[in-house]
Every structure is written in structure tokens, then in C-alpha cells.
Amino acid sequence: MKLPWLVGGDFNVILHEDEKIRGLPVHPPKYEDFVFCVNSCGLFEQGFERSPFIWWNGRSNAACIFKRLDRIFVNFPFENMLPAIEVEHLIRTGSDHAPLVMSCGEQTTNFVKPFRFLNFWTKHTAFMDVVRQNWEVDFIRDPFFMFKQKLRRVKEALSKWSRETFGDIFKQLAILDDIIRVKEMLFEEEPSIENRILLQKAQSELKKYLSIEEQYWKQKAGMTWFAEGDRNTCFFHNHVNGKRKKLQLKRIEIGSGVWIEDQEQLATAAVDFYQEHVTNEGDPSDFSLLNNVPSIVIMEQNLELSRLLTIEEVRIAVFELSGESASGIDGFTGLFYQTCWDVIGADIYNMVLHFYGGAALPKSITHTNLLLVPKKPRVETFSDLRRISLSNFINKVLSRVLHDRLEIFLPSLISPNQSGFMKGRSIFENILLTQ
């Protein structure tokens, strides 16, 4: 369906049994045809505000029935044409149906929202099945290309699965809050076992989404030291907002007292500044200076450093790294690699072997995100910002494998006078010697 479609009105049928309260039970055969029709036409709902129950039979107590019968569906061409769509359910006046109002905002600038892996996905029972089903590909290429294509397939599958499984977390919380209010009212009017079960079921669903919301904001906050305990959603949310305000850059001085505030000019100035300061000059492959450094690595150590890697070494390197750290350009956190090791471990091992066998790293591995963190409260120039590189997790694995091998021999290769940044040594040792 390539043309933009909008379908709305009273369909006189529900999409799920949870969209009806009281009355005779609704069995799947009564609404499966409607669900199949909606999916076949590529239609979906935009979400809404206010109570989800559109229709009320006008009765009270045991004869009271609420349903969701009125909807507005659109397809992807319509959403792309008018992205800022909002649907609101008004109060019933003079009818047993609540009116629906759809508003379309002004055309906004479209941008590609980057994929971000959400750690709470791993706790769902269907998560591993989604990864396993989409990891396999029907072609053979070099390990780097294969890994890139498999990650892309899993990204698309997880994004679709998340929309279908969790939906919009914050809209779901608002909807569930309205549902519980209605069911609490019904239980107060008639405190029967059936109404109590319906109320507890809705409360259980709300608690599930509250837990998901807390995990979402905890990951956004990046506070790995915070212990599990009571719900701290407000705390994490405030911490994220504080970080965002701190990282906002509204104006910058580019020299000679010239300030710029336009966002496009700020972006251009930032790119020019860091291209000038980060770009390498000269030939980085000239290592002739190393000829003046004496060789102190013995043959046995060299053989140990050069021997073929084992899959266990790679696995240890993956699990030594933090699974909660910020994701790189590919959007995957370390928790994805650790949770899915049984599925993707062999591909990671082949890629590491390929690299240590002499293969050059492609851009899909080496690309990083530059995060600019203020050095002081008042940022005036780009020199007041510290650069932090957010690398892809697999890039960290490659260096961690080498780190684990070198760690054994470094104490014998580095002078005892160097006491800082060495395992088993302390920088305070030199201070004590001086005193």
C-alpha cells in the first residue's frame, strides 16, 4: 500500500480482550479477523490521550460495560507525510461514544533516530529467540563484513520486536493508569471476585511497565554504582535531565571575541575545530624510532604473545568489560554481547582471529562517537571541552585480548621506578621513598 491512508471511526469490534470491561467474555475468534485485516493493510494506531475506553453502555453496577470500539488507523506513507499526529479522546456528551479528535502539527525536520540497545530487553523470554532467528545469514564473506550484516539484521528485528512487545513505554503507562482508575471504580461499586481479579491484573501490568521505565532511565543515567532497591525512576530522570542541561552548548567563542549562537554554525565550527586538532600529520607508520629502544622481550615471552588465540580467551575478554557502559556507533551495549555469547561467540572469535592474523580493521569497527564534556562550569571556547570517544564494544574486545596477554609480562618489562598504573604497584610508593 504505497498511497497514504487514514481510516477512522466506529469499527464495532475490539482488538484484544483487555479492551473490554464487564459483560460476556470475548473469545479470540470474534476479533481475529479484524486483527488480520488491520495487519494485512499495513495499518497501525498513532496512540492517544485520555481514557482508552471509548464506548459505554450507559448503565451502572453489574450491567455496566466499557469497550474500545472507535479508532484512527494510518499507514507509514501517511505518517511520513504528516509525522506530528496526535489523537485525543474527548468526554462523552449526548452519545455513548467519546469523540476522537486528530490533530496534525507542522512539518518537522526529519532525522534518523539512531538505534540504541535497551538492557531491559534481555530479561524478556522471547529476546534470545529473536536474536537467534535473525543472526544466521545465507552467504559467506570475510568475518568483519559478516558480523556487520548480522548486527544490522538483529538491529532491525529488535526494533520491530520492541515496538510490538513493549510499545511506547510512557504512553502505555498513561493508558494503564486510566484503565486502573476505571477498574477501581467498578470494584468499589461491586467488590466481586471477578472485578478484583481484573483490577489486580491491570495493577500487575502497570508494575511491569513501571519497572521497565525505571530500568530505561537507569541506563540513560549511566549510574552503574547505584544499588538495586526501591524504585528510583524520579532520581534517574532528574539525573539525566541534569546531564542534558550540563551538556547543552548554546553559544561559543571562535576567536577575537566573536561569538556564534546559531546551531548550524555551531556544528560547522565544531567540525572544523576538531578536524584541525585531531587529524594526524606525517606518516603514522614510521616506527624507525623504535630501533633505538633495547629489546628486552625474551623468546619464550614472544612465543606466548604470538600464539594462536583460543575462544576462551576471547570469551573472558568479553565478560571482563562492563556490560552497562555507554554504547558506541552501532548502538549495542556490552550486555548484548555477554547475554548472547552462545549465539554470536563464534563470529566474535573468528573476527578477532582475522584481525590478529594481519587483517585491517574496517570503519564499521573503528568508528567512534565523540562526546564533549565540559571541563569547567562556564564553557566559552572549544578548548573548555574534553573529548571522550565512545567506541563500539567489539573494538574494546580486540584491545582487551591484547591487554590480558601483556598484563602478565609488563612487570618484568617496565622499570620498578614506574610504580603508577601498574597492577600490584602503587604511586604512593615513590612518595614514601621521597619522604
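The values are calculated or read from the model by the stated rules, or taken from the named source; none is laboratory data. None of the values given here were measured: they were computed from a predicted structure. As a convention, Cβ positions derive from the backbone with ideal geometry for all residues, glycine included, and neighbour counts pool all protein chains shown. All accessible areas refer to the heavy atoms of the entire protein, side chains included, with ligands and DNA or RNA removed. Shrake-Rupley method; radii C 1.70, N 1.55, O 1.52, S 1.80 Å.
Tabulated results
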{"quantity": "Estimated dipole of the stretch 1-78 in Debye, rounded to 20 [Cβ of Lys and Arg +1, of Asp and Glu -1, Cα centre]", "calculated": "180"}
{"quantity": "Listed values (1) 28.9, 93; (2) 22.8, 105; (3) 24.2, 79, entry calculated as Rg and Dmax of the Cα atoms in Å", "calculated": "(1)"}
{"quantity": "Fraction of antiparallel bridges per DSSP, the chain only, in percent to nearest 5", "calculated": "95"}
{"quantity": "Residues listed by number, the stretch 1-20, amide nitrogen under 19 Å from HIS97 label point at 7 Å toward C-beta", "calculated": "6-16, 19-20"}
{"quantity": "Helical mean residue ellipticity (222 nm; -39500 (n - 2.57) per DSSP H run of 4+; nearest 500) of the chain", "calculated": "-14500 deg cm²/dmol"}
{"quantity": "Out-of-range pairs (alpha-carbon distance over 18 Å; input LYS30/LYS67; LYS363/LYS396; LYS30/LYS201; LYS20/LYS201; LYS396/LYS423)", "calculated": "LYS30/LYS201; LYS396/LYS423"}
{"quantity": "Protection proxy ranking, peptides 22-31, 145-154, average beta carbon neighbours within 10 Å, highest first", "calculated": "145-154, 22-31"}
{"quantity": "Those aspartates and glutamates that a straight Cα-Cα span of less than 14 Å connects to LYS171, excepting residues fewer than 8 apart in one chain", "calculated": "GLU45, GLU49, GLU86, GLU88, GLU205, GLU213"}
{"quantity": "Shape call, the stretch 85-211: gyration tensor on alpha carbons, a/c limit 1.5", "calculated": "oblate"}
{"quantity": "Added length on full extension, which subtracts the Cα-Cα distance from 0.36 nm per residue, SER192 to HIS27", "calculated": "57.2 nm"}
{"quantity": "Principal-axis tilt of helix 169-189 within the chain, Cα atoms, nearest 10 degrees", "calculated": "40"}
{"quantity": "Debye, to nearest 20: dipole size of the stretch 279-435, +1 on Lys, Arg Cβ, -1 on Asp, Glu Cβ", "calculated": "480"}
{"quantity": "Protein accessible area in the chain, 1.4 Å probe - carbon and sulfur %", "calculated": "56"}
{"quantity": "C-alpha long axis of helix 393-413 to longest principal axis of the chain, angle in °", "calculated": "30"}
{"quantity": "Theoretical gain in end-to-end length, MET185 to ASN430 [0.36 nm per residue, Cα-Cα removed]", "calculated": "81.0 nm"}
{"quantity": "Inter-part distance where the stretch 362-378 and the stretch 140-198 are each reduced to a Cα centre, Å", "calculated": "32"}
{"quantity": "Cβ-based charge dipole, the chain, positive-most Cα from TYR356, ILE431, PRO99", "calculated": "ILE431"}
{"quantity": "Accessible area of the stretch 175-217 divided out per residue, in Å², using a probe of 1.4 angstrom", "calculated": "59"}
{"quantity": "0 to 90° range, to nearest 10: angle between helix 193-221 axis and the chain longest Cα axis", "calculated": "30"}
{"quantity": "Potential extension, SER256-LYS363 segment - 0.36 nm per residue separation minus Cα distance", "calculated": "34.8 nm"}
{"quantity": "VAL293/LYS207 FRET efficiency (R0 56 Å; Cβ-Cβ; nearest 0.05)", "calculated": "0.35"}
{"quantity": "Modelled label reach - ARG387, point 7 Å along Cα→Cβ, the stretch 255-277 residues with backbone N closer than 17 Å", "calculated": "267-277"}
{"quantity": "Lys, Arg +1 and Asp, Glu -1 on Cβ, resulting dipole of the stretch 355-435 about Cα centre, debye, nearest 20", "calculated": "240"}
